[in-house]
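Have a look at the structure below, then the notes.
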Amino acid sequence: MPFLYKILIFLIFLNFTSCTKKKDEKISIVKEKSLEMQMIDAYNEGLEELENNDVIYAAKKFNEAELIYPQSIWAPRAALMAAYSYFSQLYYNDTIVELEKFLQKYERHPRRDYAYYLLALSHYNLIVDETKDLEEILKAKKYFLIIIKNYPNTEFAIDSEFKLELIQEILASKEMYLARYYVDREKWIPAINRFKTVINDYDTTIYVEEALHRLVELHYKLGLVDESKKYASLLGYNYQSGEWYEESYKILNKDYVKISKKENSEKERSILQKFKDLLK
């Protein structure tokens, strides 16, 4: 009997333990559901405030939703909505903060492409003065390149390529501005280096034609005629009908200037003579 009694006690203990475990699991499930409902309520409240254009409070509610139940699939969505709330009303610095947190926290989320795109646009929209806002220009370029490289088949890549072309134009114009600054102060070598940067790094921009002409001009001024001719050849090959090629041609062919002046003089005399003939 004592032995059977011990077995009975052991079985009762196992049954009690099992019941307690099931009860704890049930409480845990109820608690998780409760957290999820709180999260959904906060998320919906954020949507409502976003529709009312109270983006600061909307972002606060989305952040709250993420914190309530961070294990939920809704958490990263709430984080993105917080960023979008700020972006919708041009709070770009706040948008950047939210997106940087999102990208750091959710490394495998399927909407990282959208996060990078919004991040690139935020930096792009912070460009006010292209001669001063270099940091924002370079950051925007960095994130647009990430989109083009990692998400080439998305709608964001198409606009990123367009924005990147505009950024290249901005950076090229900055180099041209500095090059002209050095030219005005007769600092030929720094000026040449800046013009070379334009033709090497920004070869699809509208500034390449002038940069090539300036290289012809400056190398000729320094007595480096062969270098001058090299850039004149590049200019002629790519922009033969352009005004800058004509200016470069004049530098390397002094007779062209004399012939042009002679032709113009003869034309002027011819017109004048015709006018005199009419008066006779």
Practice task
Kindly list, by first and then second residue, each pair from a residue in the stretch 106-124 that is part of a loop (DSSP other than H, G, I, E, B) to a residue that is buried (at least 18 other Cβ atoms within 10 Å of the Cβ), limited to pairs with Cβ atoms under 7 Å and residues at least 6 apart or on different chains.
Solution key: TYR106/PRO76; HIS109/PRO76; ARG111/LEU80
Handout entry: Members of the stretch 48-91 found to be over 19 Å from ARG111 (Cα atoms), under 26 Å from the mean Cα position of the chain (by Cα) and either touching a residue at least 60 places away in the same chain (Cβ under 8 Å) or surrounded by fewer than 20 Cβ atoms within 10 Å (Cβ to Cβ) (or both), listed by number
Key = ILE56, GLN89, LEU90, TYR91
Problem - Restricting the stretch 200-234 to residues that are assigned to a loop (DSSP other than H, G, I, E, B) and touching a residue at least 12 places away in the same chain (Cβ under 8 Å), the residue that is surrounded by the fewest Cβ atoms within 10 Å (Cβ to Cβ) - result: THR204
Practice task
Go through the stretch 185-199 and give me each residue that's over 24 Å from ILE137 (Cβ atoms) and either in contact (Cβ under 8 Å) with a residue 12 or more places away in the chain or in a helix (DSSP H, G or I) (or both).
Solution key: TRP188, ILE189
Exercise for the section: Restrict the check to the stretch 133-140 and report whether at least one residue is surrounded by fewer than 20 Cβ atoms within 10 Å (Cβ to Cβ), in a loop (DSSP other than H, G, I, E, B) and touching a Leu at 6+ places or on another chain (Cβ under 8 Å). Expected result: yes
Practice task
Might you check whether a residue that is of a type in the set (A, V, I, L, M) and closer than 24 Å to GLU161 by Cα occurs anywhere in the stretch 174-190?
Solution key: yes
Problem - Any hit, the stretch 74-88, residues being at pLDDT below 95 and not in a helix (DSSP H, G or I) - result: no
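The values are calculated or read from the model by the stated rules, or taken from the named source; none is laboratory data. Everything numeric here is computed off the predicted structure, so don't read it as measured data. Reconstructed Cβ throughout: ideal geometry from the backbone, glycine too, with neighbour counts over all protein chains shown.
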